[in-house]
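Student: Okay, handing you the structure first.
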Amino acid sequence: MNGSIRDDRPLPEVLEHTYIGQDTMRKHIRKATTVIGMATTLHTIATGNMTPVFRVMADGTKRPIYFYIVDTAEFAVNKLSDRGSLGSKGIVTNVQDFVINLCKGLCPK
């Protein structure tokens, strides 16, 4: 995660230098096939702005990159598509509920 200019003392694993943080985010985005931004509007918008619509796989096929933003605020969810990330899908819900239901759906007992 990349720190914000407004952060007084970010967590130890947070990158404080903006450009190093952006480069690190890009490195991960290049490998992504699905991105889920949860409850952090600024980081999700920044990630959405650097995420391409598709990814070229090792065998040369093109695969879409699915992008989701999950937040309780409709403003945050709409902000990403307002900034040009038209391929993103917004989910207005509590992040904790989303994660619990996602886990139940992906890892049934």
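Throughout, read-outs are computed from the coordinates displayed, never taken from laboratory work. Values in this document were obtained by computation on a predicted structure and should not be read as measured data. Every residue, glycine among them, receives a Cβ derived from its backbone with ideal geometry; neighbour counts consider all protein chains shown.
Student: Quick check: pseudo-label points 7 Å beyond the Cα along Cα→Cβ at D82 and V53, how many nm apart are they?
Tutor: The answer from the label model is 2.3 nm.
Student: Would you tally the net charge around V35, using a Cβ to Cβ cut-off of less than 12 Å, leaving V35 out, and scoring K and R as +1, D and E as -1?
Tutor: Local charge sum for V35: +4.
Student: Based on the inverse mean of 1/r over its pairs of different Cα atoms, what is the Kirkwood hydrodynamic radius of the chain, in Å?
Tutor: Numbers: mean 1/r = 0.0659 Å⁻¹.
Kirkwood hydrodynamic radius for the chain: 15.2 Å.
Student: In what order do S88, S81 fall by count of nearby beta-carbon atoms within 10 Å, going from fewest to most?
Tutor: S81, S88
Student: Using packing as a proxy for protection, rank 30-40, 68-78, 48-58 so that the peptide with the highest average count of other Cβ atoms within 10 Å comes first.
Tutor: Working: 30-40: 14.5, 68-78: 17.6, 48-58: 12.9.
Ranking the peptides 30-40, 68-78, 48-58 by packing returns 68-78, 30-40, 48-58.
Student: With labels modelled as points extended 7 Å from the Cα through the Cβ direction, what inter-label distance (nm, one decimal) is found for K62 paired with D97?
Tutor: About 3.8 nm, to one decimal.
Student: Return the calculated 222 nm mean residue ellipticity for the chain, to the nearest 500 deg cm²/dmol, obtained by summing -39500 (n - 2.57) across DSSP H runs with n ≥ 4 and dividing by the residue count.
Tutor: -12000 deg cm²/dmol
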